[in-house]
Amino acid sequence: MSIEKSFDKLSEEIVKPSMIYNKIEDEIENLPEVAVVTFLPSITEIIKNRPDVEIITDKLSTSSSDNDTNVYTVTHKNKRIAVYQTIVGGPISVSRLEAMIAWGVKKFVFFGSCGVLDKDITDGNFIVPTAAYRDEGTSYHYAEASDYIEVKTADKLSDIMTELKLPNVKGRTWTTDAFFRETRNNMLKRKSEGCLTVEMECASIMAAGQFRKVEVYQFLYAADNLDSTEWEIRSLGSEMPLSINEKYLLIALDVATMV
């Protein structure tokens, strides 16, 4: 059976998230309904060093080999917000999303870097995905087969960022599982369909969020450029200054107070 036929809407999953992530057994209390999600250990370090930080649980993953598995809370503009770190890629991002949903979180704000398919999108510019090309596997277990999955939260997120005086552009994104197989012909095809960016999670987390009936928001900031005769690594190849990472985190926290 092909991956496009993997979505089963007629029977239930054998292993439910609640079987592994049980809020009562894990003694998780007072978890906020909104979570900010980062991919960067350096941003997690900023959270860990805040004076108002609390650790709600360290059981976000069942594998001890994973990186930071804590769920933190901080208070931003008088609102308690959960923060956790995920790992690049759809499968693990959805696995951790499922855990947080099982614990009662209703809204998620993901943020991270992306490659751009339009050289005019400069380093650091904000992009709000409106639909994600499903060049990955996870989404096909959460949604009927289609080339793209709609990002139903895009307009609201763009409006919030505009209210925060953060210029942003809306457009399609290309979600892939294979970073080293982003070929030129595939890039040009995605670009011709209106994709502005390439990343590795959007289609997966949007499909899972819509299936579980929670709100998933995602904004991207431009890094490497694929729209040139040779790949331009730009900021993808360097560690972001602490001040830049703090800026992105504060933006995500601002958004989380408004979703």
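A DSSP coil position with no more than 14 other Cβ atoms inside 10 Å describes the following trypsin sites (Lys or Arg not before Pro) in segment 42-114: Lys77.
Probing with 1.4 Å while keeping every protein chain in the model, the per residue accessible area of segment 91-134 equals 27 Å².
Basic side chains Lys and Arg get +1 at the Cβ, acidic Asp and Glu get -1 at the Cβ, and with that the dipole of segment 139-259 about its Cα centre reaches some 200 debye. For segment 164-227, the equivalent ellipsoid built from the Cα gyration tensor has semi-axes of 22, 17, 10 Å, listed from largest to smallest. Of the residues Thr153, Gly209, Phe111, the one whose Cα sits farthest toward the positive end of the charge dipole of the chain, with +1 on the Cβ of Lys and Arg and -1 on the Cβ of Asp and Glu, is Thr153. Evaluate E = 1/(1 + (r/R0)^6) for Ala178 and Asp147, where r is the Cβ-Cβ distance and R0 equals 25 Å; express this FRET efficiency to the nearest 0.05. Efficiency for this residue pair is about 0.90. When only the Cβ of Lys, Arg, Asp and Glu is charged (+1, +1, -1, -1), the dipole of the chain relative to its Cα centre reaches about 480 debye. Counting only DSSP beta bridges with both residues in the chain, the antiparallel share comes to about 35 percent.
Whole-Hz Karplus values for segment 37-45 come out as 10, 10, 9, 9, x, 5, 6, 4, 4 Hz, taken residue by residue from phi with 6.51 cos²θ - 1.76 cosθ + 1.60 and θ = phi - 60°; glycine and proline positions read x. Projecting the Cα atoms of Asn78, Gly89, Leu220 onto the charge dipole of the chain (Cβ charges, centred on the Cα centre) puts Asn78 farthest toward the positive pole.
Between Asp58 and Asn78, the distance separating the two model label sites (each 7 Å from Cα on the Cα→Cβ line) works out to 3.5 nm. Taking Ala203, Ala154, Ala145 in turn, the Gaussian network model of the chain (Cα-Cα springs below 10 Å) assigns the largest fluctuation to Ala145.
Could you tell me the calculated FRET efficiency between Lys48 and Leu164, based on Cβ-Cβ distance and R0 = 22 angstrom, to the nearest 0.05? In this case the efficiency is close to 0.30. Of the solvent-accessible surface of the chain, computed with a 1.4 Å probe over protein heavy atoms with every protein chain present, carbon and sulfur atoms account for 51 percent.
Relative to the current alpha-carbon distance between Asp8 and Glu230, full extension at 0.36 nm per residue lengthens the span by 75.8 nm. Basic side chains Lys and Arg get +1 at the Cβ, acidic Asp and Glu get -1 at the Cβ, and with that the dipole of segment 1-121 about its Cα centre reaches some 360 debye. Split the chain at each of the chymotrypsin sites (Phe, Trp or Tyr not before Pro) in a DSSP loop with at most 16 other beta carbon atoms within 10 Å, and the longest piece is 8-230. Each helix, a run of at least 4 DSSP H residues, gives -39500 (n - 2.57); summed and divided by the residues of the chain, these come to -8000 deg cm²/dmol at 222 nm.
Label-to-label distance for Lys213 and Asn185 is 4.4 nm, based on points extended 7 Å past Cα in the beta-carbon direction.
Its alpha carbons considered, the chain gives a radius of gyration followed by a Dmax of 17.8, 55 Å.
GNM on the chain, alpha-carbon springs under 10 angstrom: the most fluctuating residue among Glu12, Glu98, Glu144 is Glu12.
The values are calculated or read from the model by the stated rules, or taken from the named source; none is laboratory data. Quantities reported herein were computed from a predicted structural model and do not represent experimental measurements. For neighbour counting, all protein chains shown are included, and Cβ atoms are generated from backbone atoms with ideal geometry for every residue, glycine included. Each accessible area value is taken on the protein alone, full model and side chains, heavy atoms only, with ligands, DNA and RNA left out. Shrake-Rupley method; radii C 1.70, N 1.55, O 1.52, S 1.80 Å.
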